[in-house]
Amino acid sequence: MRIGITCYPSVGGSGVVATELGKLLAEKGHTVHFITSGMPFRLGQYYRNIYFHEVDVNSYSVFQYPPYDLTLASRMAQVAKTEQLDLLHVHYAVPHAISAYLAKQMVGDRLKVVTTLHGTDITVLANDRTLKDIIRFGIEHSDAVTAVSRNLIEDTKQMLQVKRPIDLVYNFIDKREYYPRDMCDIREEYAPNGEKVFIHISNFRQVKRVPDVVKIFHKVRQKVPAKLLLIGEGPELPVVRELVYELGVARDVFFLGKQDSVACVLSMADILLLPSGQESFGLVALEAMACGKPVIASDAGGLPEVVQNGETGFTCAIGDLETMAERAIQLVEDEAIYERFSRACIERAYGEFSHTSITEQYEAIYKRVLQTETEPCSR
Ligand code: GMT
């Protein structure tokens, strides 16, 4: 198949999913064309069967706002024609599904559109009355729509009154990259006296509730010798740094910034903390599980579909820091339970969320839409 992929190229779970999927499809012999505003961050080297088409937005001074959505639609249509694309797979309904709809109008109905919902276009933007109708329009006029958790499907149907079927396709991990690594030497630099190591990885947005991570760690630290690794950067970073000093745990908390090799840093730790206020899937929880690390998470959104409570970690009510800390202590203090959880994590990550199975699920959806006659676009 000849597949166009559009995503936000900057760091983030949706960009990771879109780019890794493109790489896997190319590996299987499909031709993949990334149509994005910049080089996706996981695509920095040569890959066979992969092409890149930059969306270069005009900054003509009369435009009060650069017309990204229109330029994208025009670029999608151009690439679809010159490269004879079969379909566009767009990540996020706004604006990508709308731009794809316009491109389809320009190219003709033979071009199919598959839209993947990653979360915030529903859980945040669907509450915005200025966008709600156009998000629903983008979803209803795609040839297929996928969402990354059952919870997100429910939210989409409920918040936007969408009636069409939505396919569930979970996030995935590539086990050639995500597996437990031997990082003992480096771990010792942070935890020289055999302390337990906790880790949190995110973009430090408010929704991730990183101050909760520090508060949970503070509670755990009172009972168990422990260290905390904080990976990533974002708007909440100054607040978190301040809290670390306020709670007197600065000597036990390490800010490592953005890291490329997530599997390596995860392998240095014992437990991932992910107390998010909203998370449609929580890719980092899956990445941790693939490295054999149980997860203490909130029960927000799709997280309970990823982290099985009492088997691969614990899910607790959002903001219930006491229970999260208790569960964390319980896990690190009992070696037998920890080992059982760790094994279950790897098994589950490599089973339900393996890259081979999820790539096949997307391919099946592509085949289905290519066999289906498109309904007239004017509903
Ligand atoms: O979580 C973020 O801040 C990044 C966001 C994104 O746009 O990449 O992640 C969303 O998509 C990921 C991939 O499907 C999911 O694993 C994340 O749970 C989801 N984030 C939220 O729902 C907050």
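Listed here are the residues, each with its yes/no results for (1) closer than 23 Å to TYR362 by Cβ; (2) within 23 Å of the chain's Cα centre (by Cα); (3) not basic (Lys, Arg).
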{"residue": "ILE50", "(1), (2), (3)": "yes, yes, yes"}
{"residue": "VAL57", "(1), (2), (3)": "no, no, yes"}
{"residue": "ASP69", "(1), (2), (3)": "no, yes, yes"}
{"residue": "VAL90", "(1), (2), (3)": "yes, yes, yes"}
{"residue": "HIS118", "(1), (2), (3)": "yes, yes, yes"}
{"residue": "ALA126", "(1), (2), (3)": "no, yes, yes"}
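With respect to being in a loop (DSSP other than H, G, I, E, B), under 24 Å from ILE134 (Cβ atoms) and either modelled with pLDDT of 95 or more or among the β-branched types (Val, Ile, Thr) (or both), LEU70 falls outside the description.
So how many residues does the range 1-14 have that are surrounded by fewer than 21 Cβ atoms within 10 Å (Cβ to Cβ) and at pLDDT 95 or above? Break it down into steps so the answer makes sense when it comes.
Keep residues of the range 1-14 that are surrounded by fewer than 21 Cβ atoms within 10 Å (Cβ to Cβ), which gives 1-2, 8, 10-12.
Narrowing further to those that are at pLDDT 95 or above: 1-2.
Going through the range 1-14 one residue at a time, the tally reaches 2.
Within the range 48-59, identify whether any single residue is of a type in the set (Lys, Arg), modelled with pLDDT of 95 or more and closer than 26 Å to THR130 by Cβ, and answer yes or no. Among the residues of the range 48-59, not one is of a type in the set (Lys, Arg), modelled with pLDDT of 95 or more and closer than 26 Å to THR130 by Cβ, which makes the answer no.
So which residues in the range 295-346 are charged (D, E, K, R) and more than 17 Å from VAL284 (Cα to Cα), if there are any at all? Once the filter is applied, which keeps residues that are charged (D, E, K, R) and more than 17 Å from VAL284 (Cα to Cα), the range 295-346 yields GLU311, ASP320, GLU322, GLU326, ARG327, GLU333, ASP334, GLU335, GLU339, ARG340, ARG343. Among residues that are of a type in the set (D, E, K, R) and touching a Cys at 6+ places or on another chain (Cβ under 7 Å), ARG205 is not included. Looking across the range 24-46 at every residue that is among the aromatic types (Phe, Trp, Tyr) and in a loop (DSSP other than H, G, I, E, B), the one that is modelled with the lowest pLDDT is identified as PHE41. Taking the range 336-371 as the range and being β-branched (Val, Ile, Thr) and in contact with a Pro (Cβ under 8 Å, 6 or more places away or on another chain) as the test, only ILE346 passes.
Do you know which residues across the range 110-128 are part of a loop (DSSP other than H, G, I, E, B), within 13 Å of the ligand (Cβ to nearest atom) and open to solvent by less than 10 Å² (accessible area, probe 1.4 Å)? Working first, answer last.
Of the residues in the range 110-128, the ones part of a loop (DSSP other than H, G, I, E, B) are 110-111, 118-119, 124, 128.
Then keep just the ones that are within 13 Å of the ligand (Cβ to nearest atom); that gives 118-119, 124.
Within the range 110-128, just GLY119 meets the criteria.
Looking at LEU247, LEU256, LEU274, LEU283, just one residue is out of contact with any Ser or Thr (no Cβ under 8 Å at 6 or more places or on another chain), in the same structural domain as GLN206 (by TED's automatic domain parsing), of a type outside the set (Gly, Ala, Ser) and within 16 Å of the ligand (Cβ to nearest atom), and that residue is LEU283. Regarding the range 49-61, can at least one residue be identified that is of a type in the set (Phe, Trp, Tyr), in the same structural domain as GLN361 (by TED's automatic domain parsing), open to solvent by less than 30 Å² (accessible area, probe 1.4 Å) and within 27 Å of ASN203 (Cβ to Cβ)? Looking through the range 49-61, none of the residues is of a type in the set (Phe, Trp, Tyr), in the same structural domain as GLN361 (by TED's automatic domain parsing), open to solvent by less than 30 Å² (accessible area, probe 1.4 Å) and within 27 Å of ASN203 (Cβ to Cβ).
Go through the range 135-175 residue by residue and tally those that are part of a loop (DSSP other than H, G, I, E, B) and either touching a residue at least 60 places away in the same chain (Cβ under 8 Å) or touching a strand residue (DSSP E or B) at 6+ places or on another chain (Cβ under 6 Å) (or both).
Residues of the range 135-175 that are part of a loop (DSSP other than H, G, I, E, B), as a first pass: 141-143, 148-149, 161-166, 169-172, 174-175.
If we keep only those that are either touching a residue at least 60 places away in the same chain (Cβ under 8 Å) or touching a strand residue (DSSP E or B) at 6+ places or on another chain (Cβ under 6 Å) (or both) too, we end up with 141-143, 148-149, 166, 169-172, 174-175.
So the answer is 12.
Please tell me if PRO294 is over 15 Å from the mean Cα position of the chain (by Cα), away from the ligand (no atom under 14 Å from the Cβ) and either among the polar types (S, T, N, Q) or open to solvent by 60 Å² or more (accessible area, probe 1.4 Å) (or both).
On the way: over 15 Å from the mean Cα position of the chain (by Cα): yes; away from the ligand (no atom under 14 Å from the Cβ): yes; either among the polar types (S, T, N, Q) or open to solvent by 60 Å² or more (accessible area, probe 1.4 Å) (or both): no.
Criteria not met by PRO294.
Checked against the criterion of being free of Cβ contacts under 8 Å to residues at least 40 places away in the same chain, in a loop (DSSP other than H, G, I, E, B) and outside the structural domain of LYS28 (by TED's automatic domain parsing), the candidates GLU311, GLU339 yield just one match: GLU311.
The values are calculated or read from the model by the stated rules, or taken from the named source; none is laboratory data. For clarity, every value in this text was computed on a predicted model and none was experimentally measured. Quick reminder, even Gly has a Cβ in these numbers, built from the backbone with ideal geometry, and neighbours come from all protein chains shown. We work out accessible area using only protein heavy atoms, side chains counted, and drop any ligands, DNA or RNA first. Shrake-Rupley method; radii C 1.70, N 1.55, O 1.52, S 1.80 Å.
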